[in-house]
Amino acid sequence: MSDTKLTQKLYELFTSRKYDELLDYCSIILSKDHVNLTALKYKAYSLYFLEKFEDSIACYDRAIQIEPD
């Protein structure tokens, strides 16, 4: 799947409020590319909406470490 299609899929899952499925997709992506900022962002979003706030913050912290700006 191309990066554009992958980003589109993540966005669709997010806007459909399918947070568990979104989290699964992000985990698969991050297992192959642990610095994928798009997947980290959507993983953080899904964790937030699943009320896993500490895990969500950890994802944001990881994203900031990867790209501080």
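The values are calculated or read from the model by the stated rules, or taken from the named source; none is laboratory data. Everything numeric in this text was worked out from a predicted model, so none of it was measured. Cβ: placed from backbone, ideal geometry, glycine included. Neighbour counts: every protein chain shown. SASA here: full protein model, heavy atoms, side chains in, ligands and nucleic acids out. Shrake-Rupley method; radii C 1.70, N 1.55, O 1.52, S 1.80 Å.
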- Give the residue, chosen from 51, 12, 67, that is on the phi > 0 side of the Ramachandran plot, surrounded by fewer than 15 Cβ atoms within 10 Å (Cβ to Cβ) and without any contact (Cβ under 8 Å) to a residue 60 or more places away in the chain. 51
- Message: Would you confirm, using the coordinates I've provided, whether residue 37 is open to solvent by 50 Å² or more (accessible area, probe 1.4 Å), touching a residue at least 12 places away in the same chain (Cβ under 8 Å) and within 17 Å of residue 6 (Cβ to Cβ)?
- Response: yes
- Item | Criterion violated by residue 42 - all others in (1) part of a loop (DSSP other than H, G, I, E, B); (2) at pLDDT 90 or above satisfied | (1)
- Selected residue (criterion: nearest to residue 66 (Cα to Cα)) from residues of region 17-34 that are hydroxyl-bearing (Ser, Thr, Tyr) and surrounded by 14 or more Cβ atoms within 10 Å (Cβ to Cβ): 25
- In the set 48, 25, which member is in a helix (DSSP H, G or I), under 13 Å from the mean Cα position of the chain (by Cα) and modelled with pLDDT of 95 or more? 48
